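Written out below as structure tokens is the structure these notes cover.
Just so it is clear, none of the values below were taken in a lab; they were calculated from the coordinates. Please read all numbers here as calculations on a predicted model, not as lab measurements. Ideal geometry is used to build each Cβ from the backbone, glycine not excepted, and the neighbour counts take in all protein chains shown.
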Amino acid sequence: MEFQLQVDPVIGYVNSDIDPSLDLYAEIDRLKKEKNAVLLAHYYQEPAIQDIADFIGDSLGLARKAAETEADIIVFAGVHFMAETAKIINPGKTVLLPDLNAGCSLADACPADEFAEFKARYPNHIVISYINCTAATKAQSDIICTSSNAEHIVRQIPESQPIIFAPDRNLGGYLNKKLGREMVLWDGVCIVHQTFSEQKLVRLKVRNPGVPVLAHPECDEPVLRHADFIGSTSQIRRYTVEEPHDTFIVATEEGILYQMQKDSPGKTFIPAPPESGCSCSQCPHMRLNTIEKLYLCLKHEAPEIHLDEAIRIRALQPIEKMLEMSQSIV
Ligand code: 13P
Ligand code: SF4
């Protein structure tokens, strides 16, 4: 069967029929080798994508991999800001995102023009931006951070230096509380982490005495208050390997449970419950990527990330600053 590629001129969404007899895993593998492509995937991708990735990681790990890869093509199984970051670092490489609609509520919450007006109200402040923002917002920032290195980076800024922290008010609020800072916060949230229910979490804890709660700092304060450990996806994953418990309650996107279960087949991982009746906590953006779209984007080298060069150059500086300031973070 001939492949019918349709790319929407605005969003670049690929929609095509695929021969059902094709072994997509083998095809993706073959195309990767043929095109010297690397497949980078975030922990929130569906298990099948995690299984075929060359590297799975958190935002910092993925940015580092993007910085060191010698591949000609980077296929980013993640969301738009992650692929954009890879392109900012690698202007000469082709960076593909299987579905250009894979956005992020945090990036969407911080439009660059509104952020410029906000910044102008705080003239003496430096800007630390969470990597979950657009290239145009990164271009207005002094330092980028991820959930793995945010605390480490803020600690390096003298207390006398006022800071704007954008766009995640939960991560910023968590850092303010932990470090005794008064960073000015942009009011953005992650739609996935914001919806964990404190009340249901407390009930779950009561039913599972002694079981530690591991939470991502994108969760809001009432949920973080009940956490025994707060960290990035890779830090939470490491905790479940290194700590001697056999059960954990996990408050982050449920894709990470797949690697946790693979690391520790004998352990039990209980997803923290969201407010809604549904017991799953999947990021609707991350989950737009599928094996089929991955195959098509690698085959047709589309949709591709393109950036305005002036924005790219300005956005590169705070990313390089982050990589330099967080070398000791594993
Ligand atoms: P990390 O994997 O860097 O902890 O980030 C989580 C996240 O929400 C990515 O969008
Ligand atoms: Fe954005 Fe939240 Fe999805 Fe991560 S989980 S990509 S922060 S919406």
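Values for this structure:
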read-out: Hey, I305 of a type in the set (V, I, T), within 16 Å of ligand 1 (Cβ to nearest atom), under 30 Å from I164 (Cα atoms) and surrounded by 17 or more Cβ atoms within 10 Å (Cβ to Cβ) or not; value: no
read-out: Index of the failed condition, A86 passing every other in (1) free of Cβ contacts under 8 Å to residues at least 12 places away in the same chain; (2) among the hydrophobic types (A, V, I, L, M, F, W, C); (3) crowded, with 21+ Cβ neighbours inside 10 Å; value: (1)
read-out: Cβ-Cβ under 8 Å pairs, at least 6 apart or on other chains, the range 245-263 side under 16 Å from I49 (Cβ atoms) and among the polar types (S, T, N, Q), far side within 12 Å of ligand 1 (Cβ to nearest atom) and in a loop (DSSP other than H, G, I, E, B); value: Q259/Y43
read-out: Counted residues, the range 158-192 - those being within 16 Å of ligand 1 (Cβ to nearest atom) and either without any contact (Cβ under 8 Å) to a residue 12 or more places away in the chain or of a type in the set (S, T, N, Q) (or both); value: 1
read-out: Selection from the range 104-150 of residues that are small (G, A, S), within 16 Å of ligand 1 (Cβ to nearest atom) and outside any loop (DSSP other than H, G, I, E, B); value: S105, A107, S129, A135, A150
read-out: Residue under evaluation C219, criteria (1) in a strand (DSSP E or B); (2) within 13 Å of ligand 1 (Cβ to nearest atom); (3) hydrophobic (A, V, I, L, M, F, W, C), criterion not met; value: (1)
read-out: Conditions (1) within 23 Å of V127 (Cβ to Cβ); (2) part of a helix (DSSP H, G or I): number failed by V206; value: (1)
read-out: Selection count where residues are assigned to a loop (DSSP other than H, G, I, E, B), crowded, with 17+ Cβ neighbours inside 10 Å and within 16 Å of ligand 2 (Cβ to nearest atom), scope the range 151-193; value: 5
